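Enquirer: The following block contains the structure, expressed as structure tokens.
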Amino acid sequence: MNNSENKVIDESIQGQALNVNSKNTGSKKLFLESYGCQMNFSDSEIVASILIDKGYSTTQNFEEADVIFVNTCAIREGAESKVRNRLNDFKRVKQKNPKALVGVLGCMAERLKAQFLEQEKLVDIVVGPDAYRDLPNLLEQAEDGHRAINVILSKEETYADLTPVRLGTNGVTAFISITRGCDNMCSFCVVPFTRGRERSRDPETILHEAKDLFAQGYREVTLLGQNVDSYLWTGGGLKKEQLTEEQKAASLNFAQLLEKVALLDPDLRVRFSTSHPKDMTDEVLHIMAKYENICNNIHLPVQSGNSNVLEKMNRGYSREWYLERMEAIRRIIPDCGISTDIITGFCGETEEEHKETISLMEKVQYDFAYMFMYSERPKTLAERKYTDDVPEEVKKRRLQEVVDLQRKHSGIRTEQGVGKIHRVLVEGFSKKSDDMLMGRNSQNSVVVFPREHYKKGDYVNVFVDACTSSTLIGKVVS
Ligand code: SF4
């Protein structure tokens, strides 16, 4: 997981707690804004849970907040400068209410640590992704006038015992984190430095959270991790390579976890993100094919189509290996929706190597892709070993070629959905009209159709007779 995997959504979501309204009445007002990937949004739901328990209530109006927290992203320079600009907006809050506290959470906080306090005088609290349990204590320190920081990374912390407060939710779909951190060291990525070593969460707590969500009316969960394929519960935090044969037999891998969640209820849809080409097994694909409620949709970042560039990226697989994984998906789950991540202009990338990314895209024809220019990040392997030598305008031109090709492929893949019946989980009104409802099919494509008597949380079969470049349009048939 990196540039998209986390669906780096360049917008913020203000936290409005939904499922704890009864508890969300505390006198102290918390404004919580999240940037970056889905992992960060899920972490903000953990932060809201910890602070609502301590007498805070969430507000979407930072002008009235006693505490302002920004959950930050460090994946690219652009993500960080966006946070710095946003902090300026909070200056006037402090002018009006000098007791108001401003804190930064997440990956940028972890990357910069105490430097953040030196660079941003406005900031009172700096907290890394593994230290959120310490928030009440850090807030007390700050209320006493001390600037507070905790950026200790953990090898154990999974917040497994905490019930996230669903923020900005549609009440139908939710994310459940199953791992934290990452053991891969892709040379361009900051995540291992900002989120630490990988650890898998106790499966009983994952199943409990899924059952709880289903009881509340949610009908879809997405299992979340930087690399879900390396999920391995051994009961004691041991790594795969440390296990005896007996312990291996007693451990639970991702395919087995996926099956356990799917067996909870056939009306609970299951998705997951993000997969890793070097670890994705046929066992996972066969489990997906076996259960109708596991969605036929895989996000498998490729990053580059050239083996030499992949080696320099330290991705752990070659072009040939990746294409073999694609062939396995198409063979075992023929109608699978596939999306990916692509980086253009990585250190030393030649025109021929770039053309291999283009030719791989032609071979796969992805439904969707997150596409970015290479952005050098401090302290990464690439920054230490290679030179960021592809000129900006070349990076841009190559990115545009990839974006244009993907737009063509997304259109082709969407059109292939016309003339078919799709099973859709209704998520709400379409953006354009309250007379139309929207939901997604198993392949994660958006489908819109007339509302009639249907409502959120319903499963409907929609015959699709038209489409736009990315949306399927139809009518409920049964
Ligand atoms: S190190 Fe690699 S696998 Fe891990 S989060 Fe970064 S890009 Fe994803």
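Conditions (1) assigned to a loop (DSSP other than H, G, I, E, B); (2) closer than 30 Å to Val446 by Cβ; (3) open to solvent by less than 50 Å² (accessible area, probe 1.4 Å), marked per residue:
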| position | (1), (2), (3) |
| --- | --- |
| Ile176 | no, yes, yes |
| Cys182 | yes, yes, yes |
| Met185 | yes, no, no |
| Leu207 | no, yes, yes |
| Glu246 | no, no, no |
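Enquirer: From the list Lys155, Lys99, exactly one residue is open to solvent by 10 Å² or more (accessible area, probe 1.4 Å), touching a helix residue (DSSP H, G or I) at 6+ places or on another chain (Cβ under 9 Å) and modelled with pLDDT under 95. Which is it? Break it down stepwise before answering.
Expert: Numbers: Lys155 fails: touching a helix residue (DSSP H, G or I) at 6+ places or on another chain (Cβ under 9 Å).
Testing whether each residue is open to solvent by 10 Å² or more (accessible area, probe 1.4 Å), touching a helix residue (DSSP H, G or I) at 6+ places or on another chain (Cβ under 9 Å) and modelled with pLDDT under 95 leaves just Lys99.
Enquirer: Note down all Cβ pairs under 8 Å where the first residue falls in the stretch 404-417 and is modelled with pLDDT of 95 or more, the second is in a helix (DSSP H, G or I) and surrounded by fewer than 18 Cβ atoms within 10 Å (Cβ to Cβ), and they're at least six residues apart or on different chains.
Expert: Short answer, once both residue conditions are applied: Leu405/Ile358; Leu405/Glu362.
Enquirer: Tell me, yes or no, whether the stretch 291-299 has at least one residue that is open to solvent by less than 60 Å² (accessible area, probe 1.4 Å), touching a Ser or Thr at 6+ places or on another chain (Cβ under 6 Å), over 20 Å from Thr179 (Cβ atoms) and not aromatic (Phe, Trp, Tyr).
Expert: Taking the stretch 291-299 first, the residues open to solvent by less than 60 Å² (accessible area, probe 1.4 Å) are 291, 293-299.
The next check asks that each one be touching a Ser or Thr at 6+ places or on another chain (Cβ under 6 Å); those that pass are 295-296, 298-299.
Narrowing further to those that are over 20 Å from Thr179 (Cβ atoms): 296.
Now drop any that are not not aromatic (Phe, Trp, Tyr), which leaves 296.
Within the stretch 291-299, one or more residues are open to solvent by less than 60 Å² (accessible area, probe 1.4 Å), touching a Ser or Thr at 6+ places or on another chain (Cβ under 6 Å), over 20 Å from Thr179 (Cβ atoms) and not aromatic (Phe, Trp, Tyr).
Enquirer: List pairs: first residue in the stretch 290-309 and farther than 11 Å from Ile333 by Cα, second residue among the hydroxyl-bearing types (Ser, Thr, Tyr) and at pLDDT below 95 anywhere in the structure, Cβ distance under 7 angstrom, at least six positions apart or on different chains.
Expert: Hits for this filter: zero, empty list.
Enquirer: Then there's this: Taking the condition modelled with pLDDT of 95 or more, within 13 Å of the ligand (Cβ to nearest atom) and either of a type in the set (A, V, I, L, M, F, W, C) or not assigned by TED's automatic domain parsing to the domain that holds Phe69 (or both), does Asp212 pass? Even if it seems obvious, please write down each step before you answer.
Expert: Working: modelled with pLDDT of 95 or more: yes; within 13 Å of the ligand (Cβ to nearest atom): no; either of a type in the set (A, V, I, L, M, F, W, C) or not assigned by TED's automatic domain parsing to the domain that holds Phe69 (or both): yes.
No, not satisfied.
Enquirer: For the list (1) over 17 Å from Ser273 (Cβ atoms); (2) within 16 Å of the ligand (Cβ to nearest atom), I need the number of the one condition that Glu327 fails.
Expert: (2)
Enquirer: For the stretch 1-49: of the residues being more than 16 Å from the ligand (Cβ to nearest atom), in a strand (DSSP E or B) and modelled with pLDDT of 50 or more, which is farthest from Leu105 (Cα to Cα)?
Expert: Per the criteria, the residue is Lys28.
Enquirer: Go through Val261, Val228, Val191 for me and flag whichever is within 16 Å of the ligand (Cβ to nearest atom) and touching a helix residue (DSSP H, G or I) at 6+ places or on another chain (Cβ under 7 Å).
Expert: Numbers: Val261 fails: within 16 Å of the ligand (Cβ to nearest atom); Val191 fails: touching a helix residue (DSSP H, G or I) at 6+ places or on another chain (Cβ under 7 Å).
One residue alone meets the criteria, Val228.
The values are calculated or read from the model by the stated rules, or taken from the named source; none is laboratory data. Just so it is clear, the model here is predicted, and its values are computed rather than measured. Every residue, glycine as well, gets a Cβ built from its backbone with ideal geometry; the counts of neighbours run over all protein chains shown. All accessible areas refer to the heavy atoms of the entire protein, side chains included, with ligands and DNA or RNA removed. Shrake-Rupley method; radii C 1.70, N 1.55, O 1.52, S 1.80 Å.
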